[in-house]
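First comes the structure, then the notes that go with it.
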């Protein structure tokens, strides 16, 4: 990778470094219609579908297929409107018009959805034998897994009047709190010594700086930036947790995580097995942090040292160079996938620059199968951004490959949703490693790979443990104070890092900008699941070579049309084997061993 010594004008260089010119075009998502036209068409179609009330139990397979085909069109209409509004808001949460549009779409979509609540209730009430008989007809293959999965919720559904009340109240209840948190977190500014008013993404990127003083200053600035509004964000989290406790009680879920597990098509026991396996191997993370301290010459790392670069110089990477690296990496695996990724870049499917008012983080929005997905980034010109691009393009290609499955099977369970993204990162990393020969640069790359695994497996499980403690404490002791949130966060991090890393007082508030806790309670363990699965999938690729590629593409094309266990079998992974997670963790440990060897080869440790 190159540093910026190119013959560019200052404006061109700045634009490429910040990716300021990389903005998505959302208008095609509306399909030549206005938001109101989409919503009116959905409302009309919902009235037509509502005429089936009381008849679902008597549907023949052809009648059910006709209903589900119409319902798919309804979901497309709402999906186009909803994604357009949500993506506009994500890119600029400070614009009141975007917030108002998102709220209007949500309110009208909810009104449409309440007309059709009867369908799920009538469908899950059908006897198993009768449902299986109807679903055996190939005419329903386009929605069969979706309908089978819906029936798993039978113990947790309420009567229709109760479901309507909960659905309609969510607009001004939990959904409103999620939006408020997005606006609060997007408005956080960080006054860096040389860049006051920076985004939190820009500040966090400095934690990778090789200079410890720069890292310490950035960490202090982040803590200072998080202080205003901290009590309000804590109140939002408290409210979300209390709302979830009420919902879980009414729906008879045995634990705070059970609803998430059910949506992931995973049992509580299997998820706990994953979490226990990772917690029992926390020593891998501690071993890495101790090694890193030795390399950096620091007796004990502080929390702000965790992601410090081991490179001997700070490297800045422009958008053009970053995209070339990712595309070359994808092409080394599959030209077909590289061509697919190129479309995201060429056709305005990416919003890249970190800008004021933009929500933090990165994601891929699948939108609807009839349209293409979009990738959302906060590009800061760091090497880590290249890996994030590779990650999100993996999601995007997964979405594109699964489009033929249609709206019902387009999405995978969250437990498999990270497979393609982590695989894309790994392909990119391996390509970079092939291109890097200087010992210190190879060490820096290996360190980034290890830290990616540590962050995705161990750190996300530690976040799950934090969430578990928050929801449990909220249910048993009542509202949590800011201080209590800090205690639980610090404890979850100490449990992970042991005596290898000092958890400073400043770090106690850093839970408060993470959106997953608010918008997707229980989500984070899916990252660990996906990382370990993706590492296993990549090891199959290493063993089998090019003959594995068709299997991998078959997995992507399957979308969510099969249960996770069956999807895993496509790529020779047995997700029902209790030892599967330990095998994946062994691969992470092997990465640490490789980094130790590289550190010795580079003369950084004895």
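Read-outs throughout are calculated quantities, based only on the coordinates presented, and are distinct from any laboratory measurement. Computed from a prediction, not measured in an experiment: that's the story for all the values here. Cβ sites come from the backbone with ideal geometry, for glycine too, and all protein chains shown count toward neighbours.
Structural remarks
- Anisotropy class of the stretch 363-479 from Cα gyration tensor, a/c 1.5 cut: oblate
- Kirkwood-type hydrodynamic radius, the stretch 31-172: 16.5 Å, calculated from all non-identical alpha-carbon pairs.
- Under the Debye formula (equal points on every Cα, no solvent term), log10 I(q)/I(0) of the stretch 470-606 at q = 0.11 Å⁻¹: -0.67
- Treating each Cα of the stretch 90-243 as one equal point scatterer and applying the Debye formula with no solvent, the log10 of I(q)/I(0) at q = 0.14, 0.16, 0.18 Å⁻¹ comes out as -0.87, -0.97, -1.09.
- Semi-axis lengths (Å, descending) of the ellipsoid that matches the C-alpha gyration tensor of the stretch 90-149: 38, 14, 8
- With neighbours defined as other Cβ atoms within 10 Å of a residue's Cβ, the residues 185, 258, 51 order from fewest to most as 51, 258, 185.
- The stretch 340-368 and the stretch 158-186: distance between their alpha carbon centers, rounded to Å: 26
- Using alpha carbons only, the radius of gyration of the stretch 38-89 set against its Kirkwood radius gives Rg/Rh = 1.10.
- Along each principal axis, Cα extent of the stretch 514-572, largest first, Å: 42, 24, 15
- Cβ crowding within 10 Å ranks 199, 239, 412 as 239, 199, 412, fewest other Cβ atoms first.
- Stokes-Einstein diffusion for the stretch 225-338 at 10 °C, viscosity 1.306 mPa s, with a Kirkwood radius from C-alpha pairs, works out to 80 µm²/s.
- Relative exposure of 398, 145, 371, judged by other C-beta atoms within 10 Å (fewest first): 371, 145, 398
- For the pair residue 100 and residue 551, the difference between a 0.36 nm per residue extended length and the Cα-Cα distance amounts to 157.9 nm.
- Once the Cα gyration tensor of the chain is diagonalised, semi-axes √(5λ) in Å: 39, 27, 26
- In the chain, helical runs assigned H by DSSP with n ≥ 4 each contribute -39500 (n - 2.57); averaged across all residues and rounded to the nearest 500, the mean residue ellipticity at 222 nm is -20000 deg cm²/dmol.
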